[in-house]
Every structure is written in structure tokens, then in C-alpha cells.
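Below you'll find the structure, written out as C-alpha cells, and then a few comments.
FYI, it's all coordinate maths here, none of it is from the lab. Not measured: the values here are computed from a predicted model. Glycine gets a Cβ as well: all are built from the backbone with ideal geometry, and neighbour counts include every protein chain shown.
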Amino acid sequence: MPNRLMHESSPYLLQHADNPVDWYPWGEEALEKARREDKPIFLSIGYSACHWCHVMAHESFEDPDVAAVMNAYFVNVKVDREERPDLDSIYMAAVQALTGRGGWPMSVFLAPDGTPFFGGTYFPPEPRYGMVSFTQVLAAIADAWRHRRAELMDGGRRLTATIQQQMTAATVPVRVETLDAAVRSLSDGFDPLYGGWGGAPKFPQPMVLAFLLSYHHAVQDADILRMVTETLDKMARGGMYDQLGGGFHRYSVDAHWTVPHFEKMLYDNAQLARVYLHAWQVTGQPLYRAIATETLDYVAREMTHPAGGFYATQDADSEGEEGKFFIWTPAEIRAVLGEEAERFGAAYGVSDGGNFEGRNILEWKGTFEEREALAAARRRLCEARAQRVYPGRDEKVLVAWNGLMLAAFAEAARPLDRPDYRQIAERNADFLLRELRTPDGRLYHTWKDGAAKGNGFLEDYTHLIEGLLALYQATFDPRWVTAARELAEAVLAHFAAPDGGFYDTSDDHEALIARPREFQDNALPSGNGMAATVLAKLAGLALEPRYEDAVRHSLRQVQALLAQYPLGFAQWLVAQTYLLSRPREVAIVGEEGAWELLDVATAGYRPHQVVAAGASGVPLLEGREPLGGRATAYVCVGQVCLAPVTEPEALRQVLADVAAESAG
């Protein structure tokens, strides 16, 4: 008998619609039932591509005996963390405070008013590995609710106070020394053997790589660039990268990027495509261009809705087995490639014993020239792989994740000479602004099967602004800046915190036990860190001092955190590097010779610059006239504009002089 989740659109919730558990989606119906029946709430949070979420579901939630206990003593609520990042943030803070760690599936027990009093992550069906079983947890919580409720609630109130305290931060002046301290910390923690930071499991850290590239551009430090290139080289060679189809898996379960957790997330591929693009612009290494291109081609091919939105995730599992779609035996490769199989196997580390449960995750071992020579073999294997059962795909469209991928396609279009990327970006922006804006110009959070729902979160606004600004830089169509400014004004009006920075939820959002205010990056840049980034850029395009003031107020709250914990605050570091680098605003007006000037202004990697071009529609262009009938470039730094120029070589020299002065 299906439960109430059958009426939901989230693929994750629908995966549980046939459970014998009497699941409710989060909402007043579940909360009212808990109050009326005086029962605690069991809140389970996960997402569709989460492997251990599937494991706990099979082991416990599909078990009629376990479900009977859950239904008798609890009101059971399922939440897709991708649909409700506010709930995920609040209750993850509770689990981390209780256990010292977090993750998914998240399992939290709440009072009917939403106060958390106990939590954890995955619980096994039987006691093992020092872990109690899920049924033991259920029995203990049910007994404590009946006989020691005052003790539970006292602990819950203290826990809630701790969560609320975490939503604030002290203020410290914004200084360049913070950036230097962050780089030293990252250098100390860098893995010199395999690149990246930390051991197993190892995550790609695209925001950290973006910061280091940006800071290297400002200071021209070879050691900083080395951390980036060594990491990108190792990731591109390892099994975390899909060597046949392009795109990155979520993370590596080992320290050397060999065995991935096989799910593919839109946000990882958006951020990594941009990092590889920027690294190619900085170094000229053809490998980085190839990885950026293959990743974007994968998204265009397999993760794009016909209407223009980008899908959220591709599962790790197919046919009930993790990674089955992506792994190979030597015999399977020989069946496709014939005599070329031996050459391919040597280049991609194929062996009879394999490197993953007796089979092979492909790792590239050869030179870039060998990689190019095997392109046809990779295509043949990819075509053969396409005949297998595909992993499941979560086809909801999330605004924040789409904003990041919009930025990647838009930014790649011009340097890679891919007009199709620009078209994909334009279709996506049109789709988001058409389908996911409310009648009053605000944002919804998610869309699926023609229906948008959920209040937009801070990250939806800020990440979409980032995408729109990148699209403007690719097209110079002023409507994208106009839309970005409208969203920025909504952020200032509905998300601003009284002491600076922003809440994750709007002022008219559902009231929860705390108003979440996440400063730390997770797999996505934090909404606050991205707000600082995009408002700094918009300040130059819109000539709006309020935007820069908001950035400085935000950054003052996180200075100590940036210096001590750069791995968790890298998007803030990107914003601070931009703010302190004397960013350039370039306005190009007039028609004759405009494209030659634009080619100079947009050439290469220029992370601390915005460009406006055209006749009107963007404040940076207002009041500027072409000189002598020729297109003219106006370069401004710190609200001071230099003498206008009309010749490409003169503009090249002006930009070089300004960059040298800023670096000095």
C-alpha cells in the first residue's frame, strides 16, 4: 500500500513511496499528527544518488517488522535534502553537535515542535562494527520519550541553543593577510604525492582550486599554481573521472583518485569544468581543455532536459550494483576493440585482476598524445557501454545547481569557440527565468515535470546571479544583467541579516527552530560566500556602492574562519581576492572595431574584471561615448577611470599595466 510520498515529485521521496513505513513529507500535516498523538518525529534526510541511503532503505525501511515499530511509536518524515537545504542545514548541525560527524542518510529524532534531541546517520539492521542497530535505537528512543521526556527535552533545548549560536559570527577587518594565511594553511595540508587535500575519502575541492587560481593570478606565485596543476593532473588520470563518457564522479574512496563513489552530481561537474577551463587559460595545457570540453559535452548529452534545464544527479548504482555501468573486464574490452584492446589496456591500467572487485575502473596511464590517439577506441567503448542499463537519474531541476552549470557553459563558449555552449547557456537561462520565477519576480527552488515549487533559498539567488553574469560576459545582452540586478535586490530585501551577511532563507519562509545561516561551503559554495562574490562583480557593472558595502560587511564576519579553515570557506576567499585585487571595470562603446577591443579585454583568464559592451542597458556604459567614430574602451579601477583608448594594442597595454600595479 503506497504511503503519502506517492504524491511527491522528488525521485528520492518516490523511491520510498512503497515502503511499509507510513512516511509523511515535511509539512504541517506531519507536525500536527505528532502534536495530536504526542509522538516524537523520526526525520530521515537523504537524496536519490546516495548509496548508503539506499542501503538503509533496503535493510530497514522495506522491512515490515521495522516499519511496524516506526509506525507505532513515531511520526515518520522523509526529506530530500536537495529540495530542503534549510532543514538539512539545521538538523545536520544537530547531528554534528551530537556525534562529531555528519552525513547521509541523516537520522534525527525530534519533538513535535521540531526540537532535535537525538540523531545519527546510517544505522545497521543488526549491531555491528561497534554500532547499535536501528531497532535498538527506535526502542531506546520510544522508551525515553515515555519515561524520561524531561531529560530529552532539556538536552534538546541546549542543542537548539547551540545551533542558533552557530548561525552568528564575530566581525574582523578585511585584510590581505587573511589570504596569505589561507594559502599557507592550504600549502601545509597539500598532498604532494597525489594532489588535493586530506586522505581517504578524498574530495575534489573545486572552490579551493578556484581560489588558488584566482590568487595566483594576483600574486604570480609558482608554488600556488603547482598545487592546482598537480591536483588537476591526478584527478584527470584517475578513476574519479569517467575516462569514456566525460564528467566526474562525486569523490574518491581512496587517497589517490582511483576508486570513486560512482554518483555524478551536477554541481561537481559545473565547478570542475570551470576550474579545468581556467587552468587551460593559465597554462595552455591541452589536457585541461580536453577535460573541460568532455565534461560539458557529458552534461549536454546526458544531463539536460529538452526544455533547457539541467538534471540534478546520476546514481552510483545500476541493476542493484554500485558502479556496474562504468567498470570493465579485459574480455569485455577485447570484444569491442579486438586487437587494439591490448594497447588500450596498457594505457588505461586494465588487468586480469582488476582494481575494483575483480574488474577495472579505467585510469589513464599514458601521455596526452597517446590519449588523443585512443580517442576512437574510447568512443567505441562508450557506444558499447551505452547498451548497458544506465544508472538512475534524478531529473529535478534545482536553481542553484543550474546557476553553476549555466556559468560553466557560458564562460566556456567564447574561449573554446563553442557557439553551441552559448546556445545551451541561453536556453538554460531562459528556462530558469521563465519556469522558476514567481509572478512577483522571486525564485522557486525546484522544478520537475512542468511544476515549480518551494521558496527559493539564498543559494538559488546567488548561484543563478553568478550564471547570469557569466552569460552577460559571453553575450553582452543587457537583459542578463537586468535579471541579475533584480535578483540581487531581492537578496538584499529578503535575506539580509541585521549584523551583515545573509540568512539562507527569506523573511517570508516557513518558521523553523532556527533561521539557518550557513557560512561554510559544502559541496556547493555557501550562499553567503557566493553572495559576496556576485555582489562584488555587480558593484562594478551596476555602479552600485550598496553592493560593495554588503560584501565588506559579510567578509568581516568570517576573517578568522578563512585564515584557519580555508578548505571550508574557499568561496569567501574567491570573493575576498576579487575585492582586494583592485578589480577592473572595462566599458566598450561604439561599433566599428568593438570586437577587436573585446577580444583583447576577454582574452585569457581574467578573474578580477568585468566587461560591459554595447550601446546601453548596463550602468557601467552610461555616459560614455565612442571617440572619433571608433569603438572606445574605458578602463576603471577603484572608481577612477583611465584615459579611453581606441586601439587594441593600447588596451592590451593599459590592462597589463593595471594588472602589474595590482600585483605589486
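At a glance:
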{"item": "Dmax and Rg, reported as Rg then Dmax, of the range 584-663 (C-alpha, Å)", "result": "11.5, 34"}
{"item": "Distance from the range 88-128 to the range 208-283 (C-alpha centre basis), Å", "result": "32 Å"}
{"item": "Largest to smallest principal axis extent of the C-alpha atoms in the range 30-126, angstrom", "result": "34, 30, 25"}
{"item": "Exposure proxy ranking, count of Cβ atoms within 10 Å, fewest first, for 56, 227, 530", "result": "56, 227, 530"}
{"item": "Pairwise label distance in nanometres, residue 390 with residue 151, each label 7 Å out on the Cα-Cβ vector", "result": "5.3 nm"}
{"item": "Cysteines in the chain that, by Cβ-Cβ distance, have no pairing candidate under 4.7 Å", "result": "382"}
{"item": "Cleavage-rule hits, GluC sites (Glu not before Pro), the range 335-397, DSSP coil, Cβ neighbours within 10 Å at most 15", "result": "357"}
{"item": "Cα lying deepest toward the dipole's positive end in the chain, options 239, 444, 620, charges on Cβ", "result": "620"}
{"item": "Spacing of the two label points (7 Å from each Cα toward its C-beta) at residue 543 and residue 661, in nm", "result": "2.0 nm"}
{"item": "Dipole in debye (nearest 20) - the range 324-390, about Cα centre, beta carbon charges: Lys, Arg +1; Asp, Glu -1", "result": "300 debye"}
{"item": "Projected area, mean over directions - the range 4-166, Cα convex hull, nm²", "result": "8.9 nm²"}
{"item": "Neighbour-limited loop hits for GluC sites (Glu not before Pro), the range 260-334 (at most 10 other Cβ within 10 Å; DSSP other than H, G, I, E, B)", "result": "319"}
{"item": "Rounded to 10°, Cα long-axis angle of helix 222-237 versus longest principal axis of the chain", "result": "50 degrees"}
{"item": "Interchain or long-range residues, amide H under 5 Å from residue 255's placed H", "result": "200"}
{"item": "Note, ³J(HN,Hα) from phi for the range 427-440, Karplus 6.51, -1.76, 1.60, rounded to Hz, x at Gly and Pro", "result": "5, 5, 4, 4, 4, 5, 6, 8, 8, 10, 10, 6, x, 9"}
{"item": "Unsatisfied cross-links (Cα-Cα over 26 Å) in the set 234/448; 365/396; 264/396; 39/78; 202/324; 78/202", "result": "234/448; 365/396; 78/202"}
{"item": "For residue 437, residues with placed amide H under 5 Å, excluding near neighbours", "result": "444"}
{"item": "Within the chain, helix-based [θ] at 222 nm, where runs of 4 or more DSSP H residues each add -39,500 (n - 2.57), nearest 500", "result": "-15500 deg cm²/dmol"}
{"item": "Of 58, 328, 275, farthest towards positive along the dipole that unit charges on Lys, Arg, Asp, Glu beta carbons give the chain", "result": "275"}
{"item": "Full-stretch length increase - residue 438, residue 564 - with 0.36 nm per residue and alpha-carbon distance subtracted", "result": "41.4 nm"}
{"item": "Rounded, prolate or oblate (a/c below 1.5 giving rounded, otherwise prolate when a/b exceeds b/c) for the range 194-242 by Cα gyration tensor", "result": "prolate"}
{"item": "Point-charge dipole on Cβ atoms (K/R +1, D/E -1) for the chain, about Cα centre, debye to 20", "result": "580 debye"}
{"item": "Backbone HN-Hα couplings from phi across the range 273-281 [Karplus 6.51/-1.76/1.60, Hz, Gly and Pro as x]", "result": "4, 5, 5, 5, 4, 5, 5, 5, 4"}
{"item": "For residue 118, distant residues with modelled amide H under 5 Å away", "result": "109"}
{"item": "Counting all C-alpha pairs of the range 324-390, share separated by more than 19 Å (%)", "result": "26 percent"}
{"item": "The range 310-321 - phi-based ³J(HN,Hα) in whole Hz, Karplus 6.51/-1.76/1.60, Gly and Pro as x", "result": "9, 5, 7, 8, 10, 5, 7, 9, 9, 6, x, 10"}
{"item": "Gap separating the Cα centres of the range 286-321 and the range 513-566, nearest whole Å", "result": "29 Å"}
{"item": "Computed magnitude of the charge dipole of the range 4-166 (debye, nearest 20; Cβ of K, R +1, Cβ of D, E -1)", "result": "560 debye"}
